[in-house]
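Trainee: Have a look at this one before I ask anything.
The values are calculated or read from the model by the stated rules, or taken from the named source; none is laboratory data. Note that this is a predicted model, so its numbers are computed, not measured. Cβ placement follows ideal geometry from the backbone for every residue including glycine, while neighbour counts extend to all protein chains displayed.
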Amino acid sequence: MKNIALLFLLLFVFKVHAQKQYSPRTLVKECKRYKGTPYLYGGNNKKGIDCSGLIKNAFTALNVSFPRVSYIQADVFETIKLKKARKGDLIYFTTSGNRINHSGVVIKNKGTSKLLFIHASTTKGVRIDNLYSPYWEKKLVKITRPKVSW
């Protein structure tokens, strides 16, 4: 009986201290922990963060190695069609110039009028916006679907 109790105790301790695993839901949850954090170019903590830092930190919290810069992040996973976008997909934009320079994470897709994504806005910090706003829809470059294997 002591051995069984010890086994359950060890399993409980392991579960409590186990590393978080990747899933689209947990990626979004990690990003939402930064909601309201001010924007800071090159920032990577709650004092200030930028868009690619937000995504990198979320993956790091899930023990997944991921690049730091948006245009490099955009080449990691396979591109998907906009209509297939779902929670946890990564979304990339060009807001100036010709190279991807902004990124976010899809949190909800409600068809052709509402696709919500979380990102670090230069003017308002980490927030949720709709892709189908006059500004963002024109800036969209691509959407990728993370595939993380263990």
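Trainee: Please identify the pairs in which a residue from the stretch 133-150 that is crowded, with 16+ Cβ neighbours inside 10 Å has its Cβ atom under 8 Å from the Cβ atom of a residue that is of a type in the set (Asp, Glu) and modelled with pLDDT of 95 or more, counting only partners at least 6 apart or on another chain.
Mentor: TRP136/ASP129; ILE143/ASP89; THR144/GLU78; THR144/ASP89; ARG145/GLU78; ARG145/ASP89; PRO146/ASP89
Trainee: Just give me the residues in the stretch 90-116 being in a loop (DSSP other than H, G, I, E, B) and among the basic types (Lys, Arg), in sequence order. Spell out how you get there, then give the answer.
Mentor: Restricting attention to the stretch 90-116, the residues satisfying the condition of being in a loop (DSSP other than H, G, I, E, B) are 94-101, 110-114.
Within the stretch 90-116, ARG99, LYS110, LYS114 qualify.
Trainee: Can you tell me which of ASN109, ASN98 is at pLDDT below 95 and either out of contact with any Phe, Trp or Tyr (no Cβ under 7 Å at 6 or more places or on another chain) or of a type in the set (S, T, N, Q) (or both)? Steps first, answer last, please.
Mentor: Working: ASN109 fails: at pLDDT below 95.
Within the list ASN109, ASN98, the selection yields ASN98.
Trainee: Here's another thing I want to ask about it. Can you tell me how many residues in the stretch 76-125 are under 15 Å from the mean Cα position of the chain (by Cα) and charged (D, E, K, R)?
Mentor: Residues meeting the conditions: 4.
Trainee: Okay, next question. Mind checking which pairs have a first residue in the stretch 80-108 that is farther than 22 Å from ALA58 by Cα and touching a residue at least 40 places away in the same chain (Cβ under 8 Å) and a second that is loosely packed, with under 14 Cβ neighbours inside 10 Å and not β-branched (Val, Ile, Thr), Cβ under 9 Å, 6 or more apart or different chains?
Mentor: Pairs that qualify, where the first residue is farther than 22 Å from ALA58 by Cα and touching a residue at least 40 places away in the same chain (Cβ under 8 Å) and the partner is loosely packed, with under 14 Cβ neighbours inside 10 Å and not β-branched (Val, Ile, Thr), are THR95/TYR135.
Trainee: Scan the stretch 44-66 residue by residue and report those that are assigned to a loop (DSSP other than H, G, I, E, B) and touching a residue at least 12 places away in the same chain (Cβ under 8 Å).
Mentor: So the first thing to find is which residues in the stretch 44-66 are assigned to a loop (DSSP other than H, G, I, E, B), and the list is 46-47, 50, 62-66.
Hits for the stretch 44-66 are LYS46, ASP50, LEU62, ASN63, VAL64.
Trainee: In addition: Outside any loop (DSSP other than H, G, I, E, B), over 13 Å from ILE118 (Cβ atoms), aromatic (Phe, Trp, Tyr) and modelled with pLDDT of 95 or more - does that describe any residue in the stretch 14-32?
Mentor: no
Trainee: Now a separate question. Every residue in the stretch 48-91 that is in contact with a Ser or Thr (Cβ under 6 Å, 6 or more places away or on another chain), farther than 17 Å from ARG145 by Cβ, polar (S, T, N, Q) and surrounded by fewer than 20 Cβ atoms within 10 Å (Cβ to Cβ), please.
Mentor: Selection gives nothing.
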